[in-house]
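*Asks:* Sharing a structure below in structure tokens format, with a few things to ask.
The values are calculated or read from the model by the stated rules, or taken from the named source; none is laboratory data. None of the values given here were measured: they were computed from a predicted structure. Here the Cβ positions follow ideal geometry from the backbone for every residue, glycine too, while neighbour counts run over all protein chains shown.
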Amino acid sequence: MYVTDAPCAVMDRLPEGFLDFPADRLIDLLPGPTLFDLPGRDPHPLFVSTLLHGNEDSGLGAVQAVLRRHAARGLNRSLLLFIGNIRAAAAHVRTLPDERDYNRVWPGTLTPDDPLAHMARWVYDYAARRNLFASIDIHNNTGFNPHYSCVRRLEPKFIALAQLFSRTVVHFQQPVGTQAGAFAELCPAITVECGKAGAGSATEHAIELVEAALSISQLPDHAPAPHDVDLLRTYAIVKPPANASFSFDGSPADFIFRSDIDHMNFSELAPGASFGSVQAPGARLEILPGDSVDAQPEEYFDYTGGEIRLSRAAIPAMLTVDPRAVRLDCLCYLMHRIGMDGERV
């Protein structure tokens, strides 16, 4: 270990046993959030972050598998590996009640004075001095979603990096304070959503991505052919009001959502598609803009007859039936298809 004045641990080698430790036991091995600075033949590092949410461990398993494969011959490219919320991982939760979300504290965050934001800024500044090749933040989610990538910028190298994982690419501006949003100022940066944690395909797909990013010498600087990428943009973030009750199993609540609502993810829904019913008089879902904090959000729902129905066509993502995930993040994102110019198509 070195850089003793850092707000997180920094190591230039892996502790004994790290490659076989599950996420919920890393708390016994690491002192806290840890940045590994591992050498490779190409000195321009790939930055990989994982466990920003403690119960999303496919990224950890993927990186461990890649490092085992390269243990004897070394890495093709240097690797900056950030291991995030090991306390939450030990508790099998996204985020502990007494802390900020590790993926809302990076530069651009709304809480820049929080200790976690100071740590994230330090990691960001450390990485900024290293002339990064690319950055990958690996996540899982709780609903039924295809594997997809998220980018902050519609630039060819960002899209090319995203395509290493999936032809489905989501352009986002909100929320702020994300790792991928911050690192987009330094290099091509993506977030990847690998589906549900614990699924073998999630880890295997993440392994393929990390291997590819460590192996290729450069990312193409030309726009992809339209048929090679399915581009979507987040236009709205949907949340129940903070003081509202909700359920997915039909039990009494202000909002009673469909029990199969997460099966609607990435479907092209027409106006009239039902999300459930509203029981509290005058209750409405919060619609936050997906483009910027100051943008005027569009209305997406009609509540006639107590039914919650789409009032305009949209493509949802991240719908979940996990109440805790809804409270900590949102009910869903609403998207539309776009071209490389960012305009709806």
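*Asks:* Scan segment 290-318 residue by residue and report those that are assigned to a loop (DSSP other than H, G, I, E, B), farther than 13 Å from A236 by Cβ and either in contact with an Asp or Glu (Cβ under 7 Å, 6 or more places away or on another chain) or at pLDDT 90 or above (or both).
*Replies:* From segment 290-318, those assigned to a loop (DSSP other than H, G, I, E, B) are 290-300, 303, 311-313, 318; that's our starting set.
Next, from what is left, pick out any that are farther than 13 Å from A236 by Cβ: 293-294, 303.
Selection gives Y303 alone.
*Asks:* Report, by residue number, each residue of segment 172-189 that is crowded, with 19+ Cβ neighbours inside 10 Å and β-branched (V, I, T).
*Replies:* Selection gives T178 alone.
*Asks:* Which of the residues that make up segment 48-95 are touching a Pro at 6+ places or on another chain (Cβ under 6 Å) and among the polar types (S, T, N, Q)?
*Replies:* Scanning segment 48-95 gives a single hit, S78.
*Asks:* Moving on. Let me spell it out: the conditions are (1) assigned to a loop (DSSP other than H, G, I, E, B); (2) closer than 17 Å to T234 by Cβ, and D137 meets all of them except one. Which number is the exception?
*Replies:* (1)
*Asks:* Of the residues that make up segment 120-130, is at least one part of a loop (DSSP other than H, G, I, E, B), free of Cβ contacts under 8 Å to residues at least 12 places away in the same chain and not assigned by TED's automatic domain parsing to the domain that holds P323?
*Replies:* Residues of segment 120-130 part of a loop (DSSP other than H, G, I, E, B): 129-130.
Add one more test, that the residue is free of Cβ contacts under 8 Å to residues at least 12 places away in the same chain, and what stays is 129.
Within this subset, residues satisfying the condition of being not assigned by TED's automatic domain parsing to the domain that holds P323 are 129.
Yes; the residues of segment 120-130 include at least one that is part of a loop (DSSP other than H, G, I, E, B), free of Cβ contacts under 8 Å to residues at least 12 places away in the same chain and not assigned by TED's automatic domain parsing to the domain that holds P323.
*Asks:* Which one of these is of a type in the set (D, E, K, R), under 23 Å from the mean Cα position of the chain (by Cα), part of a strand (DSSP E or B) and in the same structural domain as A199 (by TED's automatic domain parsing): D24, D37, D42? Don't jump to the end; show me each part of the working.
*Replies:* Details: D24 fails: part of a strand (DSSP E or B); D42 fails: under 23 Å from the mean Cα position of the chain (by Cα).
Criteria check complete, one pass: D37.
*Asks:* Tell me yes or no: at least one residue of segment 47-57 is modelled with pLDDT under 95 and among the acidic types (D, E). Quick ask: steps written out before the conclusion?
*Replies:* Let us first name the residues in segment 47-57 that are modelled with pLDDT under 95, namely none.
No: segment 47-57 contains no residue that is modelled with pLDDT under 95 and among the acidic types (D, E).
*Asks:* Can I ask one more? Output the residues belonging to segment 222-246 that are touching a Phe, Trp or Tyr at 6+ places or on another chain (Cβ under 7 Å) and not β-branched (V, I, T).
*Replies:* A236, P240, A244, F246
*Asks:* Hey, does segment 255-262 have a residue that's touching a Lys or Arg at 6+ places or on another chain (Cβ under 6 Å) and at negative phi? Please lay out each step first, then the result.
*Replies:* From segment 255-262, those touching a Lys or Arg at 6+ places or on another chain (Cβ under 6 Å) are none; that's our starting set.
No, there is no match, as no residue in segment 255-262 is touching a Lys or Arg at 6+ places or on another chain (Cβ under 6 Å) and at negative phi.
*Asks:* A follow-up question, please. Report yes if some residue within segment 164-171 is crowded, with 22+ Cβ neighbours inside 10 Å, under 25 Å from A199 (Cβ atoms), touching a residue at least 60 places away in the same chain (Cβ under 8 Å) and of a type outside the set (D, E, K, R); otherwise report no.
*Replies:* For segment 164-171, residues crowded, with 22+ Cβ neighbours inside 10 Å, under 25 Å from A199 (Cβ atoms), touching a residue at least 60 places away in the same chain (Cβ under 8 Å) and of a type outside the set (D, E, K, R): present.
*Asks:* Regarding A62, is this residue farther than 18 Å from L214 by Cα and among the hydrophobic types (A, V, I, L, M, F, W, C)? Reasoning before the result, please.
*Replies:* On the way: farther than 18 Å from L214 by Cα: no; among the hydrophobic types (A, V, I, L, M, F, W, C): yes.
For A62, the condition - farther than 18 Å from L214 by Cα and among the hydrophobic types (A, V, I, L, M, F, W, C) - is not met.
*Asks:* What are the residues in segment 53-78 that are under 17 Å from T34 (Cα atoms) and in contact with a Gly (Cβ under 6 Å, 6 or more places away or on another chain), if any?
*Replies:* Result: S78, single match.
*Asks:* Next up: Say whether the condition of being surrounded by fewer than 15 Cβ atoms within 10 Å (Cβ to Cβ) and at positive phi is met by at least one residue in segment 239-253.
*Replies:* Our first condition is that a residue be surrounded by fewer than 15 Cβ atoms within 10 Å (Cβ to Cβ); within segment 239-253, this holds for 241-243, 249-252.
Now restrict to residues that are at positive phi: 250.
For segment 239-253, residues surrounded by fewer than 15 Cβ atoms within 10 Å (Cβ to Cβ) and at positive phi: present.
*Asks:* Take the residues of segment 144-163 that are more than 18 Å from I216 (Cβ to Cβ) and aromatic (F, W, Y): which is surrounded by the fewest Cβ atoms within 10 Å (Cβ to Cβ)? Steps first, please.
*Replies:* Here is the first cut: in segment 144-163, the ones more than 18 Å from I216 (Cβ to Cβ) are 144-148, 150, 152-154.
Narrowing the set further to residues that are aromatic (F, W, Y) leaves 144, 148.
Numbers: F144: 17, Y148: 24.
Out of the qualifying residues, it is F144.
*Asks:* Here's another thing I want to ask about it. Contact list please: Cβ distance under 8 Å, first residue in segment 257-278 and outside the structural domain of L331 (by TED's automatic domain parsing) and crowded, with 19+ Cβ neighbours inside 10 Å, second residue hydrophobic (A, V, I, L, M, F, W, C) and in a helix (DSSP H, G or I), pairs at least six apart or on different chains.
*Replies:* Close Cβ pairs satisfying both conditions: none exist.
*Asks:* Now a separate question. How many residues does segment 57-77 contain that are of a type in the set (D, E, K, R), outside any helix (DSSP H, G or I) and over 21 Å from R100 (Cβ atoms)?
*Replies:* Adding up the residues that qualify gives 2.
*Asks:* Quick test of your reading of the structure: V326 fulfils all but one of (1) closer than 22 Å to T109 by Cβ; (2) part of a strand (DSSP E or B); (3) of a type in the set (A, V, I, L, M, F, W, C). Name the failing condition by number.
*Replies:* So V326 meets the others, but not (2).
*Asks:* Restricting to segment 222-238, and then to whatever is touching a strand residue (DSSP E or B) at 6+ places or on another chain (Cβ under 8 Å) and under 24 Å from F165 (Cβ atoms), can you tell me which residue is surrounded by the fewest Cβ atoms within 10 Å (Cβ to Cβ)?
*Replies:* So in segment 222-238, the residues touching a strand residue (DSSP E or B) at 6+ places or on another chain (Cβ under 8 Å) come out as 229-238.
If we keep only those that are under 24 Å from F165 (Cβ atoms) as well, we get 229-235, 237.
Details: V229: 19, D230: 15, L231: 23, L232: 21, R233: 22, T234: 22, Y235: 24, I237: 21.
Taking the candidates together, the pick is D230.
*Asks:* Quick one: is G54 on the phi > 0 side of the Ramachandran plot, in a loop (DSSP other than H, G, I, E, B) and touching a helix residue (DSSP H, G or I) at 6+ places or on another chain (Cβ under 8 Å)?
*Replies:* On the way: on the phi > 0 side of the Ramachandran plot: no; in a loop (DSSP other than H, G, I, E, B): yes; touching a helix residue (DSSP H, G or I) at 6+ places or on another chain (Cβ under 8 Å): yes.
Taking the combined requirement at face value, the residue does not satisfy it.
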